[in-house]
Each structure stands twice: as C-alpha cells, then as structure tokens.
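Have a look at the structure below before the remarks.
A short reminder: the numbers here are calculations on the coordinates, not readings from a lab. Being a predicted model, the structure only gives us computed values, none of them experimental.
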Amino acid sequence: MRFILLMLLFAADTAWATQTHGDPEGLYVHQSSHLFFIFSMAILIYWLRSRKLVRESGWRRIQYASALFIVWSFDAFLAHYLDEQTDIIRAVYVDLWRIQIESEFSILPALYYCVKLDHLILVPAIFIFYSGLKQLSGKDPAVETGAGTGAARP
C-alpha cells in the first residue's frame, strides 16, 4: 500500500497556483466574479461594523477573514490579468524544476512571483473564517437575543 501511495506522489503532474481559463468568455466571467466577491466582502464588513457585531470575537474574526478574502481576490485578479490578459510577462521553462520569469519592466517578475503565492493569503483567511464560525456556533442564539420561553438551557 505504501508503495502505491509513493508512486502516486511521485507521478503527480504540474500543479499551478492560479487556474487559467478559456479565451475570452471564461476569463471575463471569472475576473468579474473576483470583483463581485471583493464587493460582497466589503459589504459584509460594512454590515458587521454598522450593526456593531464586531464587538463579539466570532464576528470580529469573520470581519478579519473578509478583509483577507478581499486582499486574496485582488491578488488573484492581478495574477489572472498578468497571466492571461497581457503579454508583458513571459514564463520560460529552463528545465523540469526551474522557470524564468521575463519582462521588459524590472519590477514585474518580482510582482508576478508574489501574486502567484496567493495561497499564503487564502489559507489563513479560511482558517480565521472557520474559527469565527466555530466560535459563533458554540452560542445559543435564543439565549443571546432573549428570545424563547425564558427558561435557561444547560
């Protein structure tokens, strides 16, 4: 069994951090969804703050996660833009383990490399969001709001 698992591990194909899409409709829809997600997370933050829900730790964590989701979505939007909508970045395969990023602008290869590391933003955002939901799920909404029969639950 271990041999099969090792073979599957070493037989893996290339995994890309950001997904490419078919031209041009798939890319436009996907890019639009990133913008919609940014807008939605901004509205969620506004809603949480205007209702003063961020006083509770669980909602505050969801607010922080939403802010990280905004940063991640902008990062992914930029990565897709550099990958598929412009010709200012070229990825040249040197060998099996090395890729050289080329551009006419000296800052773009470093920027491109950084935006391809979007999982360093997304994974903590998901973890913080999960911890906020977990904290909120431990509370009884009927007791918190004063609704119900008035009898305390154990």
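Full extension of the chain between LEU117 and PHE105 yields a length gain of 2.3 nm, computed as 0.36 nm times the residue separation minus the alpha carbon distance. Determine the relative contact order of segment 49-104: mean sequence separation of Cα pairs under 8 Å and six or more apart, normalised by residue count, in whole percent. Worked out over segment 49-104, it gives 17 percent.
For segment 25-136, the relative contact order comes to 33 percent (Cα pairs under 8 Å, sequence separation of at least 6).
Computing Rg and the Kirkwood Rh from the Cα coordinates of segment 25-136 gives a ratio, Rg/Rh, of 1.10.
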